[in-house]
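Working notes, structure below.
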Amino acid sequence: MKTVWIVLLLVVALPFSWVAESGLRKRLLSELLRLQKAGRQKQYFQLLNGPISLICLPAKTRRLLSLDYYLAYGNEDRIKQMVNLLIAKYKKLDSQQAVIIRLMRCYIFFLDKKSSKEADKLANYLLKNCHLKEVQDEVNELYQVYLAPDKKLLDQLKQQLSVASEPQQQLIIYQRLAKATEILGLRKQEQTYVMQMRKLAHQTIKMEEF
């Protein structure tokens, strides 16, 4: 009889345990974000690798949060290490949305830093191991924007901008237009896109605050 009561108590306690852990996870992620924004690297990684994170966050999430910090502050050596780790771990990416998003951010980082060797390596990996058309299209378009822009690409981006309805989509396209025109030496066009991008970013921030 005693054993039955113990089992029943455990069954009842589990949902409450999950709720408590869920609330703790939210507070943990909020504190990690605060530390990242403040640039407090030591405290960030102490918390990320501490006992609370080990309980609340799976190893995959902790790896991605580490990469988030390095990307936020442009730590190229650490970013390369994390990319190599993810490449070694994931051979099939189609269902790994969180990993794909981070690797695409790393791809843009390498392109922007003109780290062509790292960018090519990551592009080849993404094209080989991710069969999602959207991702493959993004890899190819980013390659064009940073390494081989031309008038056809500018027309393509302008067409995308004309049908984009979300501010975040528009900001991304403006950024790509600004980068492509910069590389092509179209100074006036570049300045126009940068100004439009800043104006839209300011409006978006005000809307989110409201």
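Key figures
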{"item": "Flagged links, alpha-carbon separation over 21 Å, of K42/K121; K89/K128; K113/K179; K91/K179", "result": "K42/K121; K91/K179"}
{"item": "For volume of the Cα convex hull per residue in Å³, calculated from these coordinates, the label among (1) 116; (2) 179; (3) 148", "result": "(2)"}
{"item": "Inter-site label distance for K26 and K133 at 7 Å from Cα along Cβ, in nm", "result": "3.8"}
{"item": "Debye, to nearest 20: dipole size of the stretch 43-170, +1 on Lys, Arg Cβ, -1 on Asp, Glu Cβ", "result": "480"}
{"item": "Length added when fully stretched, D150-K114, from 0.36 nm per residue minus Cα-Cα", "result": "11.1 nm"}
{"item": "Relative contact order, percent, the chain [alpha-carbon distance under 8 Å, six or more residues apart]", "result": "10"}
{"item": "Solvent-accessible area per residue, Å², over the chain with all protein chains present [probe radius 1.4 Å]", "result": "65"}
{"item": "Accessible area of the chain belonging to carbon and sulfur atoms, whole % at 1.4 Å probe", "result": "58"}
{"item": "Cβ-Cβ FRET estimate between I52 and R78, R0 fixed at 30 Å, reported to 0.05", "result": "0.85"}
{"item": "Added length on full extension, which subtracts the Cα-Cα distance from 0.36 nm per residue, Q169 to A98", "result": "23.7 nm"}
{"item": "The stretch 150-210 and the stretch 75-91: distance between their alpha carbon centers, rounded to Å", "result": "30"}
{"item": "The chain: angle of helix 97-112 to the longest principal axis, Cα-based, in degrees nearest 10", "result": "40"}
{"item": "Net +/- balance of residues flanking L71 in space, Cβ distance below 14 Å, scoring K and R +1, D and E -1", "result": "+2"}
{"item": "Within the stretch 117-210: Cβ-based charge dipole about Cα centre, in debye rounded to nearest 20 (Lys, Arg +1; Asp, Glu -1)", "result": "300"}
{"item": "Cα shape, the stretch 33-82, gyration tensor, a/c 1.5 rule", "result": "oblate"}
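The values are calculated or read from the model by the stated rules, or taken from the named source; none is laboratory data. None of these values were measured; they are calculated from a predicted model. Don't worry about glycine lacking a Cβ; one is built from the backbone with ideal geometry, like all the others, and counts go over all protein chains shown. We work out accessible area using only protein heavy atoms, side chains counted, and drop any ligands, DNA or RNA first. Shrake-Rupley method; radii C 1.70, N 1.55, O 1.52, S 1.80 Å.
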